[in-house]
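Right, one structure below, let's go through it.
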Amino acid sequence: MIKITFPDGSIREYNKGINSLEIAEQISPRLAREVYSATVNGEVWDLSRPIDNDATLKLNKWEDEEGKHAFWHSSAHLMAEALEALYPGMKFGIGPAIEQGFYYDVDPGEAVITESDLPAIENKMKELASKNEVYSRRSVSKKEALDLFTKKGDEYKTELISELTDGTITLYTQGNFTDLCRGPHLPSTEPMKAIKLISVAGAYWRGNEKRKMLTRIYGITFPKQKLLDEYLVFLEEAKKRDHRKIGRELELFTFSPKVGMGLPLWMPKGADIRQNLINFLTGVLRKRGYKIVATPHIGNVNLYKTSGHFEKYGADSFQPISTPQEGEQFMLKPMNCPHHCEIYNATPHSYKDLPLRMAEFGTVYRYEQSGELHGLTRVRSFTQDDAHLYCRPDQLREEFKGIIDLILYIFRILNFNDFTAQVSLRDPNNKQKYIGSDENWERAEQDIIQAAAEKGLQTTVVTGEAAFYGPKLDFMVKDAIGRKWQLGTIQVDYNLPERFDLVYNGSDNQKHRPVMIHRTIFGSMERFVAVLIENTIGKFPLWLAPEKAVILPISEKFNDYALKVLEILNNSDICTLIDERSEKIGKKIRDNELKRIPYLLIIGEKEVENGTIAVRKQGEGDKGSMKVEEFVSFINSEINKEIAL
RNA sequence: GCCGAUGUAGCUCAGUUGGCCAGAGCAGCUGAUUUGUAAUCUGCAGGUCGGGGGUUCGAAUCCCUUCAUCGGCUCCA
């Protein structure tokens, strides 16, 4: 007998060699139907794998990540089986489960798979799934595995196997398809009731652009058709939140091929939102001891040679601008830090002056690859809410924590609750990608980890994601369809202070090297507004809205009074419009509701008589009448509530 | 940059296998209407069918090329 400990702490005894599915069946047949994988002693297992010793056991259902993961991973194998049946000789790369579904990278040889082929593959999957094929696990020797896939001619699998250690290799088979796989998988294809292939895309083998591009097929499966239908509705809804669509509808920004791709043009309303953000943040920064600076959009190429950016990115940047002067070259600035360093160098500094917090809403230009451009989230010209903090080494951690505070404060005001924080460290196996001494890297990485820990920030640590000059802490927010975008970032840099020979006088009257922190909160105005649009579906908080209210006279008879109200509101700094068209009130309400103007002010006979306005809140409806002065103070108090935290 | 898809009026879309001067709704402009909480009616205007080249008696439709966009990959100071 063996003892099995469940998550609630209860312990039951079973015969040695029992498997998780049998345990689930003994608890309840219904549970057995809903469970997809088991976590045994902290390791995710197949349900059918026998348990031979005392263990802790968690049964994973659809609601558990481990359950979904096994479900989708098994689905990837099912898709591979279908592909092999439809395209004999197809070679297979890898086919993992992902956050939303799964994919498989395949090499179809001469054949080309396009989206029009997906329904046929989908149908084949359904056909195979309905056979209730069993997934069986088998441990094999490295030689056996190599022989099998060499015989099959699958060079991607043999490459993978050659890197594995003998004795750890397992194969999974369902139906006619056998794959190299660590597992775990469902007991059978039976639960896969709803199957949808989403898209095809190219993907480099092993993520290396020097290697062959395989065809990646994305799909998703569910245990119930209803869940799939709901997912498809979610995708449709998400499309409506796309900032590119809303940006066009609300006339916030545009692009022009004549201006150039990836170069956003802010239209009046979008520019208002952007400016409101800038004004607000500027006020907050001044209170926190930041100094605002301004620097040019170009810099001599030597500036970037000094900073090291030219060597690293020069070839992939907008190329230098020449002048009539022989040999003189300028670059569009790709970042503000070198300029800021020269501001630092313009005056002598004492240890008493530090930290120096230098901020600029600085527009920068980066030659992003054409295929990378994406609405406002990835552009070639953008304005960073940039700042550089120069401090003594002993001040670093406190400054770092202060920035974490500031970012959390701004995110709170904007209701960005769903963010993740990522600590990005260098890849210790690939040190030539980075500049700076080991010692400084160690110190900087420790400072970040410590500061985040002291602020109680939940972080994930990723190696190999650091900037080339230092480690960083990034704040990521998701867009409408779940793509993650980096907004705020805090980066420690011991490197630029050396390259620019930044110094301060210490209490010992010796020259010392300051530490530098790069940081943004919004990341860039462009990306931030994009994410804000997708989070709010274009219904911006009142303080950010470009227009706060629109006056809707019921007929032209009331235009005189309406114009008077308009003047009062605009004079009170409440940006207000008037809709003077000779349309019915219902039509005016509809049109202005769709423009997401926060308040609709309806004026008819009653309002003229009483000297009031009828207030309707966008998305909510009639709020009753009030005097114009009351409305002014109401709006101001609403705005104060939004930005007071 | 790479793989695949898409490109018809400001927006959303029709345009059968190549064949009458390329259509609709919304938006815009006219005129009528003067309206009480999500669409009043009339008329008009608007397109070198992304650009260029080709096949054909004839191309929005077929082929080539180029640009842009979309979904991914790579990249992201």
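The values are calculated or read from the model by the stated rules, or taken from the named source; none is laboratory data. What you see is a predicted model, and the numbers here were worked out from it, not measured in a lab. Neighbour counts run over all protein chains shown; Cβ positions are idealised from the backbone, glycine included. SASA here: full protein model, heavy atoms, side chains in, ligands and nucleic acids out. Shrake-Rupley method; radii C 1.70, N 1.55, O 1.52, S 1.80 Å.
Does any residue of the range A:632-641 turn out to be within 14 Å of RNA strand B (Cβ to nearest atom) and in contact with a strand residue (DSSP E or B) (Cβ under 8 Å, 6 or more places away or on another chain)? No. Among residues of the range A:480-491 that are within 19 Å of A:Arg241 (Cα to Cα), those with a beta-carbon under 8 Å from a residue that is in a loop (DSSP other than H, G, I, E, B) and open to solvent by 50 Å² or more (accessible area, probe 1.4 Å) at least six positions away or on a different chain give the pairs A:Gly482/A:Glu99; A:Gly482/A:Gln100. Of the residues A:Val284, A:Val259, A:Val233, which single one is at pLDDT 95 or above and aliphatic (A, V, I, L, M)? From the options A:Val284, A:Val259, A:Val233, the qualifying one is A:Val284. Select from the range A:182-191 the residues that are open to solvent by less than 10 Å² (accessible area, probe 1.4 Å) and touching a Leu at 6+ places or on another chain (Cβ under 8 Å) and list them in ascending order. Listed by number, the residues that qualify are A:Leu186, A:Thr189.
One residue alone among A:Tyr313, A:Tyr290 is among the aromatic types (Phe, Trp, Tyr) and under 23 Å from A:Ala467 (Cα atoms), and that residue is A:Tyr313. The helices (runs of 4 or more DSSP H) found entirely in the range A:222-289 include none that carry 2 or more residues being within 16 Å of RNA strand B (Cβ to nearest atom), open to solvent by 90 Å² or more (accessible area, probe 1.4 Å) and closer than 30 Å to A:Arg357 by Cα. Pairs, please: C-beta under 8 Å, at least 6 apart or cross-chain, first residue assigned to a helix (DSSP H, G or I) and in the range A:305-316, second near RNA strand B (Cβ under 10 Å from one of its atoms) and acidic (Asp, Glu)? Hits for this filter: zero, empty list. Scan the range A:597-639 for residues that are touching a helix residue (DSSP H, G or I) at 6+ places or on another chain (Cβ under 9 Å) and among the basic types (Lys, Arg) and the total you get is 2.
The set of residues in the range A:552-591 that are closer than 17 Å to A:Phe631 by Cβ and near RNA strand B (Cβ under 9 Å from one of its atoms) comprises A:Leu552, A:Pro553, A:Phe558. Taking first residues from the range A:457-470 that are within 24 Å of A:Ile435 (Cα to Cα) and partners that are among the charged types (D, E, K, R) and in a loop (DSSP other than H, G, I, E, B), the Cβ contacts under 6 Å between residues at least 6 apart in sequence or on separate chains come to A:Thr463/A:Asp427; A:Gly464/A:Asp427; A:Ala466/A:Arg426. Taking the range A:327-410 as the region of interest, the strands (runs of 3 or more DSSP E) fully inside it that hold 3 or more residues being open to solvent by less than 20 Å² (accessible area, probe 1.4 Å) are A:356-365, A:381-391. When the helices (runs of 4 or more DSSP H) confined to the range A:1-116 are screened for residues that are closer than 30 Å to A:Thr150 by Cα, those reaching at least 2 such residues are found at A:65-86.
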